[in-house]
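*Asks:* This is the structure, below, for whatever I ask next.
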Amino acid sequence: MSALADAIRRGAPHTALDPASPFAGLRRRHARTVDIVAQSVAATAPAGVLLIHPGALYARSGSLAFLDIVVTITLVLGVALVIGMFARRISSTGSLYTFTARGLGPHVGLVAGAALGLGSLAIAMNTISGAAGRIIQLLLPGVEPPPLLTAGLIAVFGVANALVIARGLRMSTRMLLIVETIAVLAVLALSVWALAATGWDLALLVPRAGHFSADAVMTGVAFALIGFVGFESGAALGPETRRPFAAVPRAILLSVGATGLVMLVGTAAQLSIVAEKPGAASLTAVTGLPGLTDLIVGVSFLACSLAMTNAAVRIAFAMSREGLLPAAFGRTSPRGVPALGGVMLSLLVAGAPIAVLAAGGSRQDMRLVTSPASTVGFLLAYALLCLAAPVFLARIGELTARATVLAAMPLLGLGAALGFYVAATVRDNPGGFAWAVAGIAAIATAGAVRLRRHPELVSRMGMHDWATASDTIAGADRQ
């Protein structure tokens, strides 16, 4: 009789396993690969991004715009492969924060966690206010959105996000899947329509002779990366996923592939419009359906806000269980969800843009801070992750030349993109950049101070999930 058959026959639990996971209370091992894909794709908001970014990218890079997208997809794919190096070995709601802490230590991990958390919340704030603005434009075309109405709609969306997160992971991810799938299919249909209407003019996809410039490419890549950040958020669902060491890496790659394909098709359509009608900025310039643009962008951005808030809730959950954040963020409801943390962060995401409107500001005023916070936050977190991977693999005795090269290539690209973005932002928006850097530094410093006052917490940094007695055959039978 084989060892497996004997274990099944005896049904005895493995006595060496701990009775509980560090993430006890969270509903573990119930989500599927499709849930991770839904979370990751919704966080990138491909439908909404496609209707806004390509025109702006062309304004920055000209005929290099499509090349920028190709380079960006290659760079993001490299980061996804590095995430897989960790995700096949570690499962944690802290995702990139936990991975970096395990590789480079607690203090660098704090920087990554602060950057990732602030970046997620900043995008959630941007997209929830953007969704409200687009929906109001759909209802009241040609009218400047009244601040009171915008604030009221943002509040409604914030409450809706809180309720969905509190109801459970699968409800939120399945809702994200349905919403973003419909939006993406609509954009793809518009893209094919636009390409056909312009005679499939793809001349602008090829860089023009004499236009190539490393500065122009990196500036465009730094901008294009905004459309992909958040793809890694599915890794935060690892402890809640069946077979996380297989499902998470596979789902992250699927998400990058799907998003990249949609971006390539949509960007090609947008650039063909520019070639046909110089100055046109969207697919609706050819299709003649302006209201449809507002609807797709609004729905896609609302899904993105939910996904980014969901990711931030999981990061806060990990930090709370480690003792870095208040215990409230680490509590779970009877449904096995960090519902209280979800409610608090959903209110924060909605409250910030409402406060800006109440003070007489606008969404653009808020974006002066949130845009650099999100871009710098994610690029910094990705770069630290790539730097941490070889160190982590060497520490566990699994470093190879292939892994070193795979980590080094995106690290170099991210470093260049971050450098170009910082230089441009310091020149054009120094105040917003200063606030963004100050926010990341303040959060990381607060964590470092807490570690100094409570040195016993250092050993808990980088906490991850592990198998428990209930995960065995006998344990499963008793559940």
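The values are calculated or read from the model by the stated rules, or taken from the named source; none is laboratory data. Note that the structure is a prediction, hence the values are computed from the model and not measured. Backbone-built Cβ (ideal geometry, glycine too); neighbour counts: all protein chains shown. Ligands, DNA and RNA are excluded from the accessible area calculation, which covers all protein heavy atoms including side chains. Shrake-Rupley method; radii C 1.70, N 1.55, O 1.52, S 1.80 Å.
*Asks:* Count, please, the residues in the stretch 150-169 that happen to be surrounded by fewer than 22 Cβ atoms within 10 Å (Cβ to Cβ) and in contact with a strand residue (DSSP E or B) (Cβ under 6 Å, 6 or more places away or on another chain).
*Replies:* Count: 0.
*Asks:* Take Val108 and tell me if it is surrounded by fewer than 24 Cβ atoms within 10 Å (Cβ to Cβ), at pLDDT 95 or above and part of a helix (DSSP H, G or I). Reasoning before the result, please.
*Replies:* Details: surrounded by fewer than 24 Cβ atoms within 10 Å (Cβ to Cβ): yes; at pLDDT 95 or above: yes; part of a helix (DSSP H, G or I): yes.
In short, yes.
*Asks:* Given Thr309, Thr332, which one is open to solvent by less than 10 Å² (accessible area, probe 1.4 Å) and among the β-branched types (Val, Ile, Thr)?
*Replies:* Thr309
*Asks:* Quick check on Gly447: is it surrounded by fewer than 15 Cβ atoms within 10 Å (Cβ to Cβ), at pLDDT 90 or above, assigned to a helix (DSSP H, G or I) and not hydrophobic (A, V, I, L, M, F, W, C)? Don't jump to the end; show me each part of the working.
*Replies:* On the way: surrounded by fewer than 15 Cβ atoms within 10 Å (Cβ to Cβ): no; at pLDDT 90 or above: yes; assigned to a helix (DSSP H, G or I): yes; not hydrophobic (A, V, I, L, M, F, W, C): yes.
So Gly447 fails the test.
*Asks:* Also, I was wondering about something else. Considering only residues of the stretch 213-233 that are buried (at least 24 other Cβ atoms within 10 Å of the Cβ) and either on the phi > 0 side of the Ramachandran plot or touching an Asp or Glu at 6+ places or on another chain (Cβ under 8 Å) (or both), which is modelled with the highest pLDDT?
*Replies:* Once the filter is applied, the top-ranked residue is Gly230.
*Asks:* So, one more: Evaluate the stretch 84-92: report whether one residue or more is surrounded by fewer than 24 Cβ atoms within 10 Å (Cβ to Cβ) and of a type in the set (Lys, Arg).
*Replies:* Yes - at least one qualifying residue is present in the stretch 84-92.
*Asks:* Taking the stated definitions as given, is Val337 open to solvent by less than 60 Å² (accessible area, probe 1.4 Å), among the β-branched types (Val, Ile, Thr), modelled with pLDDT under 95 and farther than 18 Å from Gly117 by Cβ? Spell out how you get there, then give the answer.
*Replies:* Values: open to solvent by less than 60 Å² (accessible area, probe 1.4 Å): yes; among the β-branched types (Val, Ile, Thr): yes; modelled with pLDDT under 95: yes; farther than 18 Å from Gly117 by Cβ: yes.
Considered against the rule, which asks whether it is open to solvent by less than 60 Å² (accessible area, probe 1.4 Å), among the β-branched types (Val, Ile, Thr), modelled with pLDDT under 95 and farther than 18 Å from Gly117 by Cβ, Val337 comes out as yes.
*Asks:* If I filter the stretch 133-149 down to residues being in contact (Cβ under 8 Å) with a residue 40 or more places away in the chain and either open to solvent by less than 50 Å² (accessible area, probe 1.4 Å) or touching a strand residue (DSSP E or B) at 6+ places or on another chain (Cβ under 9 Å) (or both), which single residue comes out as nearest to Gly361 (Cα to Cα)?
*Replies:* Checked the stretch 133-149; the qualifying residue nearest to Gly361 (Cα to Cα) is Gly133.
*Asks:* Open to solvent by 50 Å² or more (accessible area, probe 1.4 Å), closer than 25 Å to Ala235 by Cα and not basic (Lys, Arg), is that true of Leu177? First the steps, then the outcome.
*Replies:* Numbers: open to solvent by 50 Å² or more (accessible area, probe 1.4 Å): yes; closer than 25 Å to Ala235 by Cα: yes; not basic (Lys, Arg): yes.
Yes.
*Asks:* Of all the residues that make up the stretch 392-419, how many are part of a helix (DSSP H, G or I), open to solvent by 60 Å² or more (accessible area, probe 1.4 Å) and in contact (Cβ under 8 Å) with a residue 24 or more places away in the chain?
*Replies:* Within the stretch 392-419, residues that are part of a helix (DSSP H, G or I), open to solvent by 60 Å² or more (accessible area, probe 1.4 Å) and in contact (Cβ under 8 Å) with a residue 24 or more places away in the chain number 2.
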